[in-house]
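Participant: First the structure, then my questions, so here it is.
The values are calculated or read from the model by the stated rules, or taken from the named source; none is laboratory data. All of these numbers come straight from a predicted model, not from anything done at the bench. FYI the Cβ positions are ideal-geometry reconstructions off the backbone, even for glycines, and counts take in every protein chain you see.
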Amino acid sequence: MEPEHLRFGGGPTETVLHPLVVIAVLVAISLIFLLPRKHVIVPLLLTAFLIPVGQMLVVGGIHLMVLRIVFLFGWVRLVWSKLSSQRVTLSGGFNSIDSAFSLCYVFYALAFTLLWMEKQALINRLGFLWDVFGVYFLLRFLIEDNQDVHRVINLFAIIAAIMALCMLNEQLTHLNIFGLLGGVRRVPEVRDGRIRSQAVFQHSILAGTFGATLLPLLAWLWKSGKCKMTAIIGMISTTVVTVATGSSTTVLTFISGIGALCLWPLRKRMRIIRFGIVITLVGLHLVMKAPVWALIGRAEVWASSSGYHRYALVDHFIRGFGDWWLLGSRNYDTWGWDMWDLTNQYVAMGLGGGLVTFIYFLAIISRSFRRLGTVRRLVEGDRKQEWFVWSLAAALFAHVVAFFGINYFDQMQVAWFALLAMISVAAAPRKGAIAQPAGSA
């Protein structure tokens with residue numbers, strides 16, 4: 001019953017735990033309790049991004065994902081730190097991004113339950129809420145200051161390098177190494193003769209999106225002067241990951257991140273640029289024979305891309321507003337051929353939770369941009385701080401573009417939540433200054 005567009009794993013690729021995964025999980029849990037609290041995020045993210053989410057522990061008929069198990073122990077460690085009188089706080093407190101995030105997914109779960117009106121739907125959504133809130137707020141607690149942000153981006157660079165090597169192997173041998181563990185396909189998809197590598201992710205586009213959205217953060221890491229070699233390796237790796245997926249969505253996301261970084265000289269004129277974009281789109285809508293969102297169908301890099309499908313999905317979503325605005329829709333697959341494949345995060349949120357959920361999802365994005373814009377103006381003149389904030393905004397923009405071509409339903413949600421947590425750090429009160437290291441536990 002659970003729709004693919006808002007789940008972390010499961011489905012046709014789920015499998016019981018591989019012995020190597022069991023060992024990796026036990027090591028990760030041990031490190032969660034042995035490492036200083038500021039380093040707890042390392043085993044959490046390594047486990048999340050190097051073990052397929054389809055790996056399941058089955059207990060009494062209940063399927064427990066590895067990600068859920070490891071993050072549960074992360075919460076145990078956090079509670080232990082709190083009981084040990086160690087400081088455990090949200091960077092900047094509970095902010096507007098947190099509130100939009102909470103309301104978005106609470107309304108989504110509520111709408112889904114009311115739409116299906118079944119006991120299993122309620123159980124399903126309770127598990128979903130545990131996954132979403134458990135991951136997001138644990139990351140919010142663990143990413144406290146600039147050192148934590150630096151640590152996470154370094155870790156993502158290492159993960160990208162591992163993925164790049166594995167995806168190159170897929171291109172050469174047609175074998176996905178992570179598929180040997182189970183929970184993800186062993187043989188990569190081939191479309192029009194082009195191998196679409198996916199590594200540990202559930203889909204090749206999600207794998208490429210991880211690399212493409214990471215580039216602006218690695219640019220900041222390189223510009224900061226710290227770990228330049230790691231940053232360079234990471235940027236090369238993200239390029240490999242993006243291209244190896246053979247997806248137009250990932251390439252366009254990659255280009256959008258670079259484009260956003262290149263707007264740095266115009267950072268003080270973004271209001272004019274935003275209004276210019278809006279006026280341009282309205283003008284095109286008035287003069288084009290097709291609606292302006294038909295341009296989505298032309299946004300293709302590879303000949304094998306399915307841009308028309310993405311245009312048709314948005315078109316049906318807009319024209320079928322009356323079908324989904326209240327609680328979402330169960331019948332969108334009747335809109336046309338292949339319309340069950342919700343390759344658009346915005347559409348997926350609306351169809352999954354109705355108009356209220358859709359609005360709050362947009363609020364997460366708009367509030368993130370607004371807070372970053374406010375901080376940038378407050379730290380104007382401090383180029384290091386400005387560049388840090390601008391890099392986060394560029395990464396956020398890359399996600400905004402990616403949402404038009406894919407919806408997140410596996411580890412990619414963890415990467416998205418981590419970015420939101422880093423934005424909260426950058427936007428923490430102190431005149432926009434990034435919080436100073438808080439020490440270890």
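Participant: Does residue 107 qualify as being buried (at least 16 other Cβ atoms within 10 Å of the Cβ), modelled with pLDDT of 95 or more and not β-branched (Val, Ile, Thr)? Walk me through it before giving the result.
Facilitator: On the way: buried (at least 16 other Cβ atoms within 10 Å of the Cβ): yes; modelled with pLDDT of 95 or more: yes; not β-branched (Val, Ile, Thr): yes.
So residue 107 fits the description; yes.
Participant: Which condition number in (1) under 25 Å from residue 89 (Cβ atoms); (2) assigned to a helix (DSSP H, G or I) is the one that residue 428 fails?
Facilitator: (2)
Quick grid of which residues meet (1) part of a helix (DSSP H, G or I); (2) in contact (Cβ under 8 Å) with a residue 12 or more places away in the chain; (3) among the polar types (S, T, N, Q):
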residue	(1), (2), (3)
329	no, yes, yes
334	yes, no, yes
339	no, yes, no
353	yes, yes, no
363	yes, yes, no
389	yes, yes, no
406	no, yes, no
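Participant: A further question on this structure: Kindly indicate which of 234, 259, 246 is assigned to a loop (DSSP other than H, G, I, E, B) and of a type outside the set (A, V, I, L, M, F, W, C).
Facilitator: Numbers: 234 fails: assigned to a loop (DSSP other than H, G, I, E, B); 259 fails: assigned to a loop (DSSP other than H, G, I, E, B).
The unique qualifying residue is 246.
Participant: Can you report the number of residues in the range 216-241 which are surrounded by fewer than 22 Cβ atoms within 10 Å (Cβ to Cβ), under 20 Å from residue 205 (Cβ atoms) and of a type in the set (S, T, N, Q)?
Facilitator: 1
Participant: Now for a different question. From the list 126, 139, 122, 172, pick out the single residue that is part of a helix (DSSP H, G or I), in contact (Cβ under 8 Å) with a residue 12 or more places away in the chain and more than 30 Å from residue 373 (Cβ to Cβ).
Facilitator: Numbers: 139 fails: more than 30 Å from residue 373 (Cβ to Cβ); 122 fails: in contact (Cβ under 8 Å) with a residue 12 or more places away in the chain; 172 fails: in contact (Cβ under 8 Å) with a residue 12 or more places away in the chain.
After ruling out the rest, the residue left standing is 126.
Participant: Still on this structure, please answer the following. Mind listing whichever residues of the range 347-391 are under 17 Å from residue 427 (Cα atoms) and of a type in the set (S, T, N, Q)? Before you say what the answer is, go through the steps one by one.
Facilitator: To start, the set of residues in the range 347-391 that are under 17 Å from residue 427 (Cα atoms) comprises 363-391.
Across the range 347-391, the qualifying residues are 366, 368, 374, 385, 391.
Participant: Something else now. Residue by residue through the range 209-230, note down the ones that are small (Gly, Ala, Ser) and either within 22 Å of the chain's Cα centre (by Cα) or assigned to a helix (DSSP H, G or I) (or both).
Facilitator: Matches in the range 209-230: 211, 212, 219.
Participant: State yes or no: is residue 282 among the β-branched types (Val, Ile, Thr) and either assigned to a helix (DSSP H, G or I) or under 23 Å from residue 386 (Cβ atoms) (or both)? Explain how you work it out, then say what you get.
Facilitator: Values: among the β-branched types (Val, Ile, Thr): yes; either assigned to a helix (DSSP H, G or I) or under 23 Å from residue 386 (Cβ atoms) (or both): yes.
In short, yes.
Here's the yes/no breakdown for (1) exposed (fewer than 15 other Cβ atoms within 10 Å of the Cβ); (2) part of a strand (DSSP E or B); (3) at pLDDT below 95; (4) among the hydroxyl-bearing types (Ser, Thr, Tyr):
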residue: 44; (1), (2), (3), (4): no, no, no, no
residue: 49; (1), (2), (3), (4): no, no, no, no
residue: 53; (1), (2), (3), (4): no, no, yes, no
residue: 58; (1), (2), (3), (4): yes, yes, yes, no
residue: 68; (1), (2), (3), (4): no, no, yes, no
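Participant: Given 283, 320, 336, 276, which one is small (Gly, Ala, Ser), within 21 Å of residue 362 (Cα to Cα) and loosely packed, with under 14 Cβ neighbours inside 10 Å?
Facilitator: 276
Participant: Based on what the data block shows, is residue 91 out of contact with any Lys or Arg (no Cβ under 6 Å at 6 or more places or on another chain), among the polar types (S, T, N, Q) and within 30 Å of residue 362 (Cβ to Cβ)?
Facilitator: Numbers: out of contact with any Lys or Arg (no Cβ under 6 Å at 6 or more places or on another chain): yes; among the polar types (S, T, N, Q): yes; within 30 Å of residue 362 (Cβ to Cβ): yes.
Judged against the criteria, residue 91 is a match.
Participant: Within the range 88-101, is even one residue more than 20 Å from residue 422 (Cβ to Cβ), modelled with pLDDT of 95 or more and not aliphatic (A, V, I, L, M)? Don't jump to the end; show me each part of the working.
Facilitator: Our first condition is that a residue be more than 20 Å from residue 422 (Cβ to Cβ); within the range 88-101, this holds for none.
The answer is no; no qualifying residue exists.
Participant: A further question follows. Considering every residue within the range 383-391, establish whether at least one is crowded, with 21+ Cβ neighbours inside 10 Å, under 20 Å from residue 159 (Cα atoms) and touching a helix residue (DSSP H, G or I) at 6+ places or on another chain (Cβ under 8 Å). Spell out the reasoning first.
Facilitator: Kept after step one, since they are crowded, with 21+ Cβ neighbours inside 10 Å, are these residues of the range 383-391: 388-391.
Filter once more, so that each one left must be under 20 Å from residue 159 (Cα atoms): 391.
Then keep just the ones that are touching a helix residue (DSSP H, G or I) at 6+ places or on another chain (Cβ under 8 Å); that gives 391.
Looking through the range 383-391, at least one residue is crowded, with 21+ Cβ neighbours inside 10 Å, under 20 Å from residue 159 (Cα atoms) and touching a helix residue (DSSP H, G or I) at 6+ places or on another chain (Cβ under 8 Å).
Participant: Looking only at the range 288-304, decide whether some residue is among the small types (Gly, Ala, Ser), loosely packed, with under 14 Cβ neighbours inside 10 Å and either in contact with a helix residue (DSSP H, G or I) (Cβ under 7 Å, 6 or more places away or on another chain) or assigned to a helix (DSSP H, G or I) (or both).
Facilitator: no
Participant: All but one of (1) modelled with pLDDT under 95; (2) surrounded by 21 or more Cβ atoms within 10 Å (Cβ to Cβ) hold for residue 121; which doesn't?
Facilitator: Unmet condition: (2).
Participant: Return yes or no: is residue 197 polar (S, T, N, Q), touching a strand residue (DSSP E or B) at 6+ places or on another chain (Cβ under 8 Å) and without any contact (Cβ under 8 Å) to a residue 60 or more places away in the chain?
Facilitator: No.
Participant: Moving to a separate point now. When the residues of the range 337-374 are narrowed to those that are of a type in the set (A, V, I, L, M) and at pLDDT below 95, which ends up nearest to the chain's Cα centre (by Cα)?
Facilitator: Pass one, the range 337-374, residues of a type in the set (A, V, I, L, M): 339, 342, 347-349, 351, 355-356, 359, 362-365, 372.
Checking the rest, the ones that are also at pLDDT below 95 come to 339, 342.
Numbers: 339: 23, 342: 16 Å.
Checking each candidate, the answer is 342.
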